[in-house]
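Trainee: Before I ask anything, let me first share the structure, which is written out below as structure tokens.
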């Protein structure tokens with residue numbers, strides 16, 4: 001393998017960082033806004049939706065989808081930076 | 001033959017012909033084609049196939065109905081069954097694709113350098129997938145019997161034959177391309193009625209926006225739909241539709257555990273994981289997880305809208321209306337016993353209130369093969385009548401199936417919904433059967449029993465195993481064991497407690513050992529299984545912090561992590577080549593050439 005072990009450690013570390021931030025957003029959308037804080041958020045109205053209810057039945061799912069595509073993009077860049085891209 | 005029946009035959013016949021044509025075009029002659037579609041599936045196609053693979057009869061038929069009756073708490077299922085894909089995309093799919101072999105037990109067996117670990121993982125795979133597939137076969141039979149007016153058992157047998165043709169001929173390749181076609185069928189069948197009903201009620205054709213918009217006609221014109229549902233709920237004594245945690249004694253920990261078990265269980269389901277082995281590159285695995293969730297979200301964000309529209313429509317057309325004027329769809333679904341009315345106060349009007357109108361499912365009073373009728377022409381019930389004020393029984397499952405009729409859509413749409421329901425059930429069944437077939441033929445037969453088997457022998461065994469699995473699933477579909485509905489919690493709980501943590505640790509730690517993995521899996525499975533059996537079948541209490549069987553997989557997962565971590569500390573580190581394997585799995589480069597055995 002051409003890449004040095006040190007490079008691979010750095011690559012893996014950056015990968016873990018990306019995962020950490022994305023999973024934090026995942027947790028906030030799926031659990032904090034949709035479950036834990038839903039009662040106070042429901043007193044805010046967004047059009048015809050109580051906000052907490054909207055996060056729970058719509059918003060969180062949209063964010064999940066976007067997150068995976070963002071992850072693909074970030075990892076593609078990271079792969080190229082460390083020259084481990086599949087070409 | 002009515003127009004609806006004619007259209008149903010047309011759509012079902014047409015879609016089945018397409019599935020069989022695809023199966024013939026994608027028949028395979030090698031194990032790589034059979035198990036992982038030759039690793040040549042483009043990411044968007046794999047996303048669609050994963051969507052169809054994942055969305056079962058339950059997602060298509062039952063979910064909107066469930067949300068419609070639950071209101072806000074329906075969220076647990078919506079998020080539980082979508083959030084898992086984020087875990088899958090980030091934590092599992094790309095690495096397992098890089099690993100480049102055929103099945104989930106393959107990874108477990110190789111990473112943990114142990115035939116025992118492989119066999120435990122294979123047993124989990126077979127059990128999880130089999131639990132799931134029995135319900136699908138039953139779903140196929142039910143759709144056949146309601147829409148095509150054939151016997152449920154005949155429906156199950158027709159479904160078995162179709163699945164055998166394309167799974168047996170083409171293996172994963174055949175399944176993949178039929179699943180793409182099935183996704184298109186099921187999503188159109190779901191969205192067309194949803195668009196029409198959203199437009200009819202709110203004037204906005206996009207349901208995701210429509211259910212937050214205002215109602216255009218009727219007594220509530222100009223008011224927001226969700227506000228209206230809350231007002232109606234309040235007036236008739238139901239819990240407000242959008243209200244979260246209405247009762248004060250909600251166990252928040254349990255809610256968390258249920259959603260977490262569903263998410264982690266989703267990410268650990270073998271038939272979903274193996275779909276990511278079929279793409280050419282690591283980045284395709286990441287991308288196809290994104291497409292998969294996109295295609296799933298099309299249905300999953302529409303479902304809560306359909307639920308709200310269905311609830312509004314149902315209350316508007318039935319509640320406090322005379323039985324003599326009920327719409328045709330009510331009577332159509334009364335025939336198979338999915339709607340029923342009992343006039344408790346003798347006023348001839350339907351009162352829809354909280355609580356069950358009577359005990360159990362409707363059992364009609366019959367005399368000489370004919371219904372005994374009440375004062376207003378309603379068929380009478382033999383069930384024990386409850387003493388609350390509710391007079392109406394509506395089966396949750398008809399909320400989606402009846403929605404085109406409730407919305408007054410043409411017969412061709414009603415027929416299309418039947419084809420969509422069948423597509424949802426058949427695609428999931430095929431994916432599950434392939435997971436069972438490959439775990440037995442590849443992991444048990446080839447990797448353990450007959451290591452010198454030729455390509456031809458392996459392919460033959462794989463086809464025989466699919467046949468055997470289909471026959472067993474069909475048998476359970478025709479003679480459903482009483483516990484089928486009860487064991488669904490098993491599939492998610494076991495996937496969460498056994499496979500997910502072990503695969504995750506296998507990637508993210510180089511240090512976890514064979515002994516630790518086996519102990520961890522066994523601890524997770526046994527704890528979860530015993531807890532569920534105790535609570536569901538032996539009437540035991542939810543003794544661990546009040547957590548219900550649906551959420552106990554989360555605790556099983558934590559236990560698995562702890563046991564694996566502790567045992568790892570006391571066992572000899574894995575051999576060097578295993579540590580190198582883990583490092584290889586972590587970087588994408590070099591995945592192009594699949595590793596053959």
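The values are calculated or read from the model by the stated rules, or taken from the named source; none is laboratory data. Only a predicted model underlies this, so the values are computations on that prediction, with no experimental measurement involved. For neighbour counting, all protein chains shown are included, and Cβ atoms are generated from backbone atoms with ideal geometry for every residue, glycine included.
Trainee: From B:126, B:143, B:150, B:108, which residue is more than 30 Å from residue B:401 (Cβ to Cβ), modelled with pLDDT under 90 and either touching a helix residue (DSSP H, G or I) at 6+ places or on another chain (Cβ under 8 Å) or assigned to a helix (DSSP H, G or I) (or both)?
Mentor: Criteria check complete, one pass: B:126.
Trainee: Just checking, which of B:173, B:200 is touching a helix residue (DSSP H, G or I) at 6+ places or on another chain (Cβ under 9 Å), touching a residue at least 24 places away in the same chain (Cβ under 8 Å) and within 30 Å of residue B:476 (Cβ to Cβ)? First the steps, then the outcome.
Mentor: On the way: B:200 fails: within 30 Å of residue B:476 (Cβ to Cβ).
The conditions single out B:173.
Trainee: Let me ask another. Consider residue B:71 carefully, then state whether it is farther than 24 Å from residue B:588 by Cβ, crowded, with 22+ Cβ neighbours inside 10 Å and within 23 Å of the chain's Cα centre (by Cα).
Mentor: Numbers: farther than 24 Å from residue B:588 by Cβ: yes; crowded, with 22+ Cβ neighbours inside 10 Å: yes; within 23 Å of the chain's Cα centre (by Cα): yes.
Taking the combined requirement at face value, the residue satisfies it.
Trainee: Going by what's in this entry, would residue B:311 be described as closer than 25 Å to residue B:386 by Cβ, outside any strand (DSSP E or B), within 14 Å of chain A (Cβ to nearest Cβ) and out of contact with any strand residue (DSSP E or B) (no Cβ under 9 Å at 6 or more places or on another chain)?
Mentor: yes
Trainee: Please go through the range B:79-92 and give me each residue that is facing another protein chain (nearest Cβ under 10 Å) and either over 10 Å from residue B:263 (Cα atoms) or free of Cβ contacts under 8 Å to residues at least 24 places away in the same chain (or both), ordered by number.
Mentor: Scanning the range B:79-92 gives B:89, B:90, B:91.
Trainee: For the range B:284-294, does any single residue satisfy the condition of being over 28 Å from residue B:528 (Cα atoms), at pLDDT below 90 and either within 11 Å of another protein chain (Cβ to nearest Cβ) or surrounded by fewer than 19 Cβ atoms within 10 Å (Cβ to Cβ) (or both)?
Mentor: no
Trainee: Scan the range B:584-592 and give yes if some residue there is outside any helix (DSSP H, G or I) and surrounded by fewer than 18 Cβ atoms within 10 Å (Cβ to Cβ), otherwise no.
Mentor: yes
Trainee: Restricting the range A:36-70 to residues that are more than 7 Å from chain B (Cβ to nearest Cβ) and in contact (Cβ under 8 Å) with a residue 12 or more places away in the chain, which is farthest from residue B:240 (Cα to Cα)?
Mentor: A:70
Trainee: Return the residues of the range B:378-408 that are part of a loop (DSSP other than H, G, I, E, B) and at pLDDT 85 or above; say none if nothing qualifies.
Mentor: Keep residues of the range B:378-408 that are part of a loop (DSSP other than H, G, I, E, B), which gives B:378, B:380, B:382-384, B:386-391, B:395-397, B:402, B:407-408.
Hits for the range B:378-408 are B:378, B:380, B:382, B:383, B:384, B:386, B:387, B:388, B:389, B:390, B:391.
One line per residue, one yes/no per condition, for (1) in a helix (DSSP H, G or I); (2) closer than 23 Å to residue B:296 by Cβ; (3) out of contact with any strand residue (DSSP E or B) (no Cβ under 6 Å at 6 or more places or on another chain); (4) at pLDDT below 95:
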{"position": "A:25", "(1), (2), (3), (4)": "yes, yes, yes, no"}
{"position": "A:35", "(1), (2), (3), (4)": "yes, yes, yes, yes"}
{"position": "A:39", "(1), (2), (3), (4)": "yes, no, yes, yes"}
{"position": "A:43", "(1), (2), (3), (4)": "no, no, yes, yes"}
{"position": "A:56", "(1), (2), (3), (4)": "yes, yes, yes, yes"}
{"position": "A:62", "(1), (2), (3), (4)": "yes, yes, yes, no"}
{"position": "A:70", "(1), (2), (3), (4)": "yes, yes, yes, no"}
{"position": "A:79", "(1), (2), (3), (4)": "yes, no, yes, yes"}
{"position": "A:83", "(1), (2), (3), (4)": "no, no, yes, yes"}
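Trainee: Looking only at residues in the range A:71-87 that are surrounded by 15 or more Cβ atoms within 10 Å (Cβ to Cβ) and touching a residue at least 12 places away in the same chain (Cβ under 8 Å), which one is nearest to the other protein chains (Cβ to nearest Cβ)? Show your work before the answer.
Mentor: Taking the range A:71-87 as the starting set, the residues that turn out to be surrounded by 15 or more Cβ atoms within 10 Å (Cβ to Cβ) are A:71-72, A:74-76, A:78-79, A:82, A:84-86.
Applying the additional criterion that residues be touching a residue at least 12 places away in the same chain (Cβ under 8 Å) yields A:71, A:74-75, A:78, A:82, A:84.
On the way: A:71: 6, A:74: 10, A:75: 6, A:78: 10, A:82: 8, A:84: 4 Å.
Of everything passing the filter in the range A:71-87, A:84 is nearest to the other protein chains (Cβ to nearest Cβ).
Trainee: Look through the range B:94-118, keep the residues that are within 19 Å of residue A:69 (Cα to Cα) and more than 10 Å from every other protein chain (Cβ to nearest Cβ), and return whichever of them is surrounded by the most Cβ atoms within 10 Å (Cβ to Cβ).
Mentor: B:97
Matching residues to (1) in a loop (DSSP other than H, G, I, E, B); (2) modelled with pLDDT of 85 or more; (3) touching a strand residue (DSSP E or B) at 6+ places or on another chain (Cβ under 9 Å):
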| residue | (1), (2), (3) |
| --- | --- |
| B:435 | no, yes, no |
| B:439 | no, yes, no |
| B:447 | no, no, no |
| B:468 | no, yes, no |
| B:471 | no, yes, no |
| B:474 | no, yes, no |
| B:483 | yes, no, no |
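Trainee: Among the helices (runs of 4 or more DSSP H) lying completely within the range B:206-276, list those that include at least 2 residues that are more than 9 Å from chain A (Cβ to nearest Cβ) and out of contact with any helix residue (DSSP H, G or I) (no Cβ under 9 Å at 6 or more places or on another chain). First the steps, then the outcome.
Mentor: On the way: elements: B:207-210, B:225-236, B:252-268, B:270-273.
Result: B:225-236, B:252-268.
Trainee: Go over the candidates B:190, B:183, B:132 one by one and state the one that is in contact (Cβ under 8 Å) with a residue 40 or more places away in the chain and more than 23 Å from residue B:307 (Cβ to Cβ).
Mentor: B:132
Trainee: Do we find that residue B:132 is in contact with a helix residue (DSSP H, G or I) (Cβ under 9 Å, 6 or more places away or on another chain), outside any helix (DSSP H, G or I), buried (at least 24 other Cβ atoms within 10 Å of the Cβ) and away from chain A (no Cβ under 14 Å) in this structure?
Mentor: no
Trainee: Restricting attention to the range B:46-86, report how many residues are outside any helix (DSSP H, G or I) and modelled with pLDDT under 90.
Mentor: Looking only at that region, the number is 2.
Trainee: Evaluate the range B:515-529: report whether one residue or more is assigned to a helix (DSSP H, G or I) and free of Cβ contacts under 8 Å to residues at least 24 places away in the same chain.
Mentor: yes
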